[in-house]
Amino acid sequence: MRVVRHAQSRRYRLVFDGARGELRLTVPRRTNERAALKWASEQQAWLTEQVGKAVLPVVVGPGASLPFRGVARHIDWTPTAPRAIRLDDAALRVGGPAESVGRRIERWLKAEALALMERESREIAATAGLVVGRVGVGDPRSRWGSCTHDGDLRYSWRLVMAPDHVRRATVAHEVAHLRHMDHGASFHALVDELHDGDVAAARGWLRREGRALHRYRFAA
C-alpha cells in the first residue's frame, strides 16, 4: 500500500487501482500514519469487493494482445524480424529483443496517437473556424483530454486503443472548448455539431470500458 500525503486532504481516502495493482491511501499532510494504516486495515470488506471488480493487468509482450483503434491485435514476435512495429491485419509484427517489445510498442502507440489526434484536432477545428495551438499526449488517470486558454490541447495517448468514434468524440469535445470553456448547452451543441457520430455512445463506451485501457503495462 502506498501512502500519499496531500495538503488539501481533510480525511483518509483509500483507492484501489486494479489496472496497476496498487492500493493507495491518501491522508492529510499532518496525520498519524500509524492511525491511518490502522484505519485502512479495517476496510477489508471494501477492499475485497474492489478486488473482485478489478480489471486484471496485462503485460504487453510477445504473444499478448491489445486493442489498437478498437480492434484486438495479437503481438506476433519473430526475433529476426525488423525491430520497428508493423501493423498487419489483426497483428502487430515486431522483431528484436523480446525484453524491449513492450516498451517499443508503447512508443509506437504514443506516436500513432499523437499523429492521429493532432491531425483530427486541426481538421475538426477548421470546420468551425477555430485555431488549435499545440497538441500533445500524456498518460493521465483522471481525464481523457484537456484544453488550455491558449488553445493547446492534450490527450491521453491510450485513446488510440479505443474505437475510432470514441477517440474522435473526445477530440471534438476538446476542440469545442476552444470556443466554450464551460460545459453549458452551447458547448454540448457544438460538440454534437463537430462530431460525426453519436456523442452519447462514445461517452458511454468510455464510462464502461475506459478504465480497462489502463490495464496494459509496457515496461519490462
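Residue under question is ARG104, and the condition is that it be buried (at least 16 other Cβ atoms within 10 Å of the Cβ) and assigned to a strand (DSSP E or B); does it hold? It would help to see each step written out before you state the result.
Working: buried (at least 16 other Cβ atoms within 10 Å of the Cβ): yes; assigned to a strand (DSSP E or B): no.
Spelling it out, it is not the case that ARG104 is buried (at least 16 other Cβ atoms within 10 Å of the Cβ) and assigned to a strand (DSSP E or B).
Within the option set LEU114, LEU109, LEU159, being surrounded by fewer than 17 Cβ atoms within 10 Å (Cβ to Cβ), within 20 Å of the chain's Cα centre (by Cα) and modelled with pLDDT of 95 or more holds for one residue only, LEU114. For ARG154, the test of being buried (at least 22 other Cβ atoms within 10 Å of the Cβ) and under 16 Å from the mean Cα position of the chain (by Cα) is failed. Remark: pairs (first residue in region 182-195, on the phi < 0 side of the Ramachandran plot; second residue buried (at least 16 other Cβ atoms within 10 Å of the Cβ) and of a type in the set (Gly, Ala, Ser); Cβ separation under 7 Å; 6+ apart in sequence or on different chains) = PHE187/ALA176; LEU190/ALA176; VAL191/ALA172; VAL191/ALA176; LEU194/ALA172; LEU194/ALA176; HIS195/ALA169; HIS195/ALA172.
ALA176 fulfils the conditions (1) crowded, with 18+ Cβ neighbours inside 10 Å; (2) within 15 Å of the chain's Cα centre (by Cα) except for a single criterion, (2). Only one of the numbered conditions (1) at pLDDT 85 or above; (2) of a type in the set (A, V, I, L, M, F, W, C); (3) surrounded by 13 or more Cβ atoms within 10 Å (Cβ to Cβ); (4) under 27 Å from ASP139 (Cβ atoms) is violated by LEU23, and that is (1).
Just one of THR127, THR148 is polar (S, T, N, Q), assigned by TED's automatic domain parsing to the domain that holds ARG69 and surrounded by fewer than 13 Cβ atoms within 10 Å (Cβ to Cβ); which is it? Quick ask: steps written out before the conclusion?
On the way: THR148 fails: surrounded by fewer than 13 Cβ atoms within 10 Å (Cβ to Cβ).
Just one listed residue meets the conditions, THR127.
Residues of region 126-150 that are over 30 Å from ARG217 (Cα atoms) and small (Gly, Ala, Ser): ALA126, ALA128, GLY129, GLY133.
Could you check, for region 27-34, whether at least one of its residues is at pLDDT 95 or above, of a type outside the set (Lys, Arg) and assigned to a helix (DSSP H, G or I)?
Step one: list which residues in region 27-34 are at pLDDT 95 or above, which gives none.
No, the conditions are met nowhere in region 27-34.
The values are calculated or read from the model by the stated rules, or taken from the named source; none is laboratory data. Just so you know, these numbers come straight off a predicted model, no measurement behind them. Please note: Cβ atoms are built from the backbone with ideal geometry, for glycine as well, and neighbour counts cover all protein chains shown.
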